[in-house]
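A short write-up of the structure that comes next.
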Amino acid sequence: MRQSKFFMPTLKEAPADAVAESHKLMIRGGYIRQVTAGVYAYLPLGYRVLRKAENIIEQEMDRINVPEMIMPHLLPATLWQESGRYKKYGAEMFKLKDRHGRESLLGPTHEETFTEIIAKNLKSYKQMPLALYQIQTKFRDENRPRFGLLRGREFVMLDGYSFAATRDQLDKQFDDQKNAYKRIFKRAGVTVHPVIADSGTMGGKNSTEFQAPAAIGEDTIATNEKGTYAANLEMAKSIDTFKQEPEDAKELTKVATPDCDTIEKLAKFLNVPTTRIVKSILYIADDQKVLVLIRGDKQINEVKLGHVLDADEVREATAEELKEITGSEKGGVGPVKADWADKIVADETVKNLYNVVVGANETDYQFQNANLDRDFKVDEFADLRTANEGEPDPVDHLPLKFTTSIEVGHIFKLGTYYTTTMGADFLDQNGKAQPVIMGSYGIGVTRMLSAAVEQHLTEHGVAWPKEIAPFAIHIIQMKINNDEQTALAEKLEKDLSAKYDVLYDDRKERPGVKFNDADLVGAPIRITIGRKAADGIVEVKRPTDEKATEISVDKLDEFVN
Ligand code: ATP
Ligand code: MG
Ligand code: MG
Ligand code: MG
């Protein structure tokens with residue numbers, strides 16, 4: 001590719017509103033341009049990087065025998081009404097009406113769409129295990145789109161869905177996906193920590209987030225220096241009640257006795273493993289020590305003491321109702337409604353429970369389905385942080401370090417929520433109808449690119465990881481009207497292009513301009529053709545090298561490989 005023909009509008013200065021380094025780099029380098037808030041055009045350079053990432057994903061999904069397909073963006077509201085998510089999904093959903101007044105939406109995720117196809121087209125256990133995926137633009141009307149591609153309102157996601165006849169099949173599918181995700185991130189040069197992000201009443205290891213440490217990260221993870229331990233410190237930002245399995249939740253519909261002031265005691269009382277105890281403590285009455293747990297399938301009017309509540313129900317509950325639930329004057333749900341905000345109890349019991357439940361240093365005890373500032377006060381959480389930083393992790397007993405990080409992927413064992421609500425049954429070996437068991441898997445592809453930049457910044461630009469670099473080799477000709485330089489540059493361009501993606505800077509620009517732009521392109525290898533072209537000598541440099549090295553063109557192969 002000749003740079004004179006390549007559309008790469010670079011800028012000296014980043015726009016004033018850009019905060020994240022990756023955002024600045026992508027704007028300055030002419031990778032992307034904002035069209036409207038959280039919505040971007042991918043210019044040729046940005047699109048090349050995106051395509052490379054998609055290519056890696058396609059290869060790794062092929063490798064685990066998961067076929068690619070594509071779903072529509074425009075979806076009927078009816079699909080989401082079936083699952084019950086049309087209302088519950090909330091303000092992040094882009095809704096619209098067609099000319100006949102029919103309600104539609106732009107897909108923020110595709111559990112319903114895939115479940116529907118499976119409901120209609122999969123009949124027998126013999127067709128499973130099966131998994132499918134797509135790489136597709138998603139729409140979410142984020143409250144605060146920001147940081148460039150990190151939080152867009154329109155972004156590219158890899159989303160996959162698995163369908164199984166048995167739990168064992170699901171477990172295997174989940175592991176396959178997890179391993180494929182690890183390979184994808186590794187090849188894309190993004191360092192990630194898979195963090196158990198246990199969701200609600202499911203308990204156990206049902207959901208894993210892939211967290212990429214970065215300065216701009218909106219999440220916080222706790223790691224040790226050896227990388228043998230990682231946990232999500234921050235509470236989940238979204239309420240994933242729909243990703244829980246009602247079946248499992250039912251077992252927890254018991255009353256916690258006043259003696260259950262630790263998770264261990266409660267688990268014993270309920271006769272379930274500690275890992276099954278919900279991470280969503282919305283309420284602890286200090287006089288009764290009652291845990292109110294979240295589940296997705298009960299109405300507020302059925303609620304009794306210790307009953308398991310849906311997060312939304314809790315949010316809508318009145319003070320009177322909550323009093324009835326808990327039988328306590330003093331207690332309350334965390335700041336669900338403004339006037340409840342100051343009623344949260346912060347006695348020793350609560351603190352102990354925080355330590356037990358949240359325990360950033362306990363693999364299975366990350367908070368989920370609870371929001372900082374909404375369910376708990378900030379200063380309580382701050383205490384917890386300081387209490388845990390530097391403390392030994394439970395694996396190798398090394399001091400914990402807290403790092404901000406970016407959620408680049410999230411994988412879930414969904415169970416049968418969607419398939420039961422949407423009627424996706426299959427016939428088992430005995431000819432009995434059973435709900436299909438699902439998993440869902442997602443990577444924010446465009447977010448992952450920002451994470452890659454965040455992790456590979458250089459002084460003046462970026463050092464793209466090899467497999468997602470827009471170009472593998474950048475040839476820079478210092479003087480465009482020098483015949484020897486032109487001859488050598490054109491020869492190298494021709495030879496190297498057979499094997500690599502080559503960008504050849506044939507522009508009539510000053511060397512300073514060319515080098516500045518090259519820093520922004522961030523190709524793993526830069527070859528500069530200058531004064532010694534006639535002797536067959538060029539300069540080579542990797543973005544992370546401090547200085548360029550002179551090398552004879554015959555030796556170039558060794559350097560390039
Ligand atoms: P977040 O907590 O950052 O809002 P999420 O938990 O809502 O993300 P998921 O529903 O788990 O996101 O979607 C799967 C993946 O899609 C996420 O792990 C993330 O990488 C990506 N993603 C989600 N929202 C956005 C967004 N607004 N812009 C870019 N990527 C996103
Ligand atoms: Mg999240
Ligand atoms: Mg979100
Ligand atoms: Mg998530």
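What share of all Cα pairs of the range 111-185, in percent, falls into each consecutive 10 Å distance bin? Binned Cα distances yield the sequence 16, 37, 31, 15, 2.
In the neighborhood of residue 501, defined by Cβ-to-Cβ distances under 10 Å, what is the net charge if each Lys or Arg adds +1 and each Asp or Glu adds -1? With Lys, Arg at +1 and Asp, Glu at -1, the neighbours total +3.
Sorting 3-15, 404-416 by average packing, meaning the other beta carbons within 10 Å per residue, from highest down gives 404-416, 3-15. Over the C-alpha trace of the range 12-111, radius of gyration and Dmax come out as 18.2, 51 angstrom. What's the percent breakdown of Cα-Cα distances in the range 1-56 across 10 Å bins, shortest bin first? Here the calculated profile for the range 1-56 is 22, 52, 24, 2.
Which value in Å is the Kirkwood Rh of the range 37-81 over different Cα pairs?
Values: mean 1/r = 0.0741 Å⁻¹.
One over the average 1/r among Cα pairs gives 13.5 Å for the range 37-81.
Write down Rg/Rh for the range 428-490, rounded to two decimals, with Rg from the C-alpha atoms and Rh from the Kirkwood relation over Cα pairs. Let's see the in-between values first.
On the way: Rg = 24.9 Å, Rh = 17.1 Å.
That ratio equals 1.46.
Legend: ranking of residues 502, 195, 39 from fewest to most surrounding C-beta atoms inside 10 Å; resulting order 39, 502, 195. Take 179-190, 216-227, 541-552, 434-445 and order them by the average number of nearby Cβ atoms within 10 Å per residue, most first; the result is 434-445, 179-190, 216-227, 541-552.
How much of the pair distance distribution for the range 515-561 lies past 11 Å, counting alpha-carbon pairs only, in percent?
Within the range 515-561, distances greater than 11 Å cover 66 percent of Cα pairs.
Under 5 Å from the amide H of residue 426 lie the amide H atoms of 434, 436, each residue being 5 or more positions distant or on a separate chain, with H modelled from the backbone and absent for Pro and chain starts.
The numbers here are math on the coordinates, done by the rules we state, and not lab data. The structure presented is a predicted model; accordingly, all values stated were derived computationally and were not measured. Here Cβ is always computed from backbone atoms with ideal geometry, including for glycine, and neighbour counts include all displayed protein chains.
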